[in-house]
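J.: This is the structure I want to talk about, given as structure tokens.
The values are calculated or read from the model by the stated rules, or taken from the named source; none is laboratory data. Computed from a predicted model, the values in this text were never measured in an experiment. Surface areas here come from the heavy atoms of the whole protein model, side chains and all, with no ligands, DNA or RNA. Shrake-Rupley method; radii C 1.70, N 1.55, O 1.52, S 1.80 Å.
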Amino acid sequence: MKKRLGVNIDHVATIRNARGEVYPEPLRAAVTAERSGADSITIHLREDRRHIIDADLKKIKRNINIPLNLEIAPTREMLKIAVRQRPDYVCFVPEKRTEVTTEGGLNLRRNFSLLKKFTRILKNNKIRVSLFIEPKISDVKLSSKIGTDCVEFHTGKFCSLYARKKNYKNEFIKLKNAAILAKKLFLEVHAGHGITYKSLKPITKIKEIHEYNIGHFIVSEAIFHGLKNVIFTMKKIIQN
């Protein structure tokens, strides 16, 4: 299976919203990312609409020719939006109003019935479903029972340790073992959160991971090197 890069453009909207302007426009970033080799576009429609807003979702869905991956909290409001707008993919993520960014994976045990029901509804609407989880054996097993198509492992802890040159080996082993089990359970394996050029390299050594969703670093690095160049470099790392 070809390894894919999903480009998250949330923080283009963050910059726009900081001044209440109409620029920079997330749609323009999405189209540029597509032309630069991105395999999919990721946007997180948060309940508080702190960056991506409903109008962005509609415009991007209408104007790109690669899959749109919509990250949402598992709530009835967000489920209705997903069914109505019909993105290609939906990734359920945990969400707290007070967090700066997503702090960890879903609590699958607590939300098992809800996630199973929502997953079934989306799959009945021909939308691929992913669950954003910690790289834990127990969470992989629960994900399989929920009936999701994919799991996306929260790589934040590994990437943070790697960036600070701390001992990351245990986190890497956890990530690798969880990916191996997910593959055995016929789940497509993705990775996301905190990934940079440097931390991406060891993650690509885990052959079971087929999709990488990266946003904050890409948008940050694009300030200095341009979106096209950053995506090209990311793709090169993934494909080597």
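J.: Quantify how much of the Cα-Cα distance distribution of the stretch 99-240 extends past 27 Å, in percent.
T.: Percentage above 27 Å: 23.
J.: How large is Rg/Rh for the stretch 1-91, to two decimals, with Cα atoms and a Kirkwood Rh?
T.: Reported Rg/Rh (Cα atoms, Kirkwood Rh): 0.95.
J.: Could you please put Ile137, Ile214 in sequence from largest to smallest accessible area, using a 1.4 Å probe?
T.: Ile137, Ile214
J.: Pop out the carbon and sulfur fraction of the accessible area of the stretch 55-180 as a percent, whole number, probe 1.4 Å.
T.: With neighbouring chains kept in place, the figure for the stretch 55-180 is 48 percent.
J.: Given H placed on each backbone N at 1.01 Å, which residues far from Arg46 in sequence or on other chains put an amide H within less than 5 Å of it?
T.: His51, Ile52
J.: Straight-line reach from Lys2: which aspartates and glutamates fall under 13 Å, measuring Cα to Cα and dropping same-chain residues less than 8 apart?
T.: Within the straight-line limit of under 13 Å, Lys2 reaches these aspartates and glutamates: Asp39, Glu188, Glu208, Glu211.
J.: Compute the relative contact order of the chain as a whole-number percentage, counting only Cα pairs closer than 8 Å that sit 6 or more residues apart in sequence.
T.: Value for the chain: 21 percent.
J.: Which distance in Å, rounded to a whole number, links the C-alpha centroids of the stretch 131-199 and the stretch 15-34?
T.: A separation of 30 Å, based on Cα centres.
J.: Next question. Over the stretch 184-240, with the other protein chains present, what is the accessible area per residue in square angstrom, probe 1.4 angstrom?
T.: It amounts to 50 Å² per residue over the stretch 184-240.
J.: Here are some pairs, Lys201/Lys235; Lys80/Lys123; Lys61/Lys123; Lys166/Lys228; Lys59/Lys117; Lys183/Lys236; which of them have Cα atoms lying more than 20 Å apart in this structure?
T.: Beyond 20 Å between Cα atoms: Lys166/Lys228; Lys59/Lys117; Lys183/Lys236.
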